[in-house]
Amino acid sequence: MSNNAINPEKGNKKFLNKLESMKIDVHACFQCGRCSSGCPVSDFFDLQVMEVVRLASYGMEDILLKSKTIWLCAACETCATRCPNDIEIVALMDVLRSLALKKGVTPAQPRIPIFHRSFLDSVKNWGRTYEVGMIAGYKLRSGDLMGDIKLGLDMFRKGRLGILPHTIKEKTEIRAIFSGKGKEYDR
Ligand code: SF4
Ligand code: SF4
């Protein structure tokens with residue numbers, strides 16, 4: 001990452017207003033590092049969590065939307081739990097992923113949003129995950145036809161992958177949530 005690109009005076013005000021409206025108080029960060037030191041995925045990040053929060057407080061949206069970190073974050077909440085200032089770091093990661101998709105920024109880890117899409121399609125169709133259908137959707141979209149094949153066969157042998165989908169009774173309610181008309185959106 002080029003440090004030359006970081007300039008708080010050129011921060012994206014619209015982005016900062018969005019964070020403020022969502023009560024994600026990135027300005028409360030005093031860079032103690034507790035978030036970064038507890039993150040189980042940090043070895044794979046290109047920006048550490050504390051860097052994400054600091055860049056967000058500078059309004060450096062462009063840098064953040066191109067980072068691997070926003071896609072590799074597992075949303076485990078360890079960072080937010082450890083933060084002494086109760087900064088909503090997981091919500092920040094969500095906002096960044098959502099903005100990246102909305103703005104058509106090429107994901108730095110392209111297979112992860114493809115996996116998310118396949119997972120969500122499965123939940124939308126069946127009300128829960130249908131593993132074989134989800135994997136098929138992921139493989140067709142990603143082109144990774146042979147990856148993890150041994151793992152898949154092992155899971156199948158152990159009965160962890162059902163051939164047929166299991167569905168739920170309240171599928172229409174689930175679909176209403178996806179359409180934005182569900183109870184979830186009345187809160
Ligand atoms: S734990 Fe909170 S205050 Fe400390 S660096 Fe991380 S975000 Fe900032
Ligand atoms: S929520 Fe994401 S950034 Fe925070 S500790 Fe978990 S993996 Fe790391």
Tally up the residues in the stretch 117-175 that are in contact with a helix residue (DSSP H, G or I) (Cβ under 6 Å, 6 or more places away or on another chain), assigned to a loop (DSSP other than H, G, I, E, B) and within 26 Å of residue 107 (Cβ to Cβ), please.
3
Which condition does residue 43 not pass, out of (1) in a helix (DSSP H, G or I); (2) within 13 Å of ligand 1 (Cβ to nearest atom), if it passes all the others?
(2)
If I filter the stretch 68-86 down to residues being within 8 Å of the chain's Cα centre (by Cα) and touching a residue at least 40 places away in the same chain (Cβ under 8 Å), which single residue comes out as farthest from ligand 2 (Cβ to nearest atom)?
71
Scan of the stretch 15-39 for residues that are outside any helix (DSSP H, G or I), farther than 19 Å from residue 94 by Cβ and not aromatic (Phe, Trp, Tyr), ordered by number:
31, 32, 33
If I ask for residues that are in contact (Cβ under 8 Å) with a residue 40 or more places away in the chain, assigned to a helix (DSSP H, G or I) and in contact with a Lys or Arg (Cβ under 8 Å, 6 or more places away or on another chain), which ones from the stretch 100-116 would you list?
113
From the list 152, 143, 137, exactly one residue is out of contact with any strand residue (DSSP E or B) (no Cβ under 8 Å at 6 or more places or on another chain) and farther than 17 Å from residue 112 by Cα. Which is it?
152
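Only the coordinates and a few stated rules stand behind these numbers; no lab work does. Please read all numbers here as calculations on a predicted model, not as lab measurements. In this analysis, Cβ positions are derived from the backbone assuming ideal geometry, glycine residues included, and neighbour counts consider all displayed protein chains.
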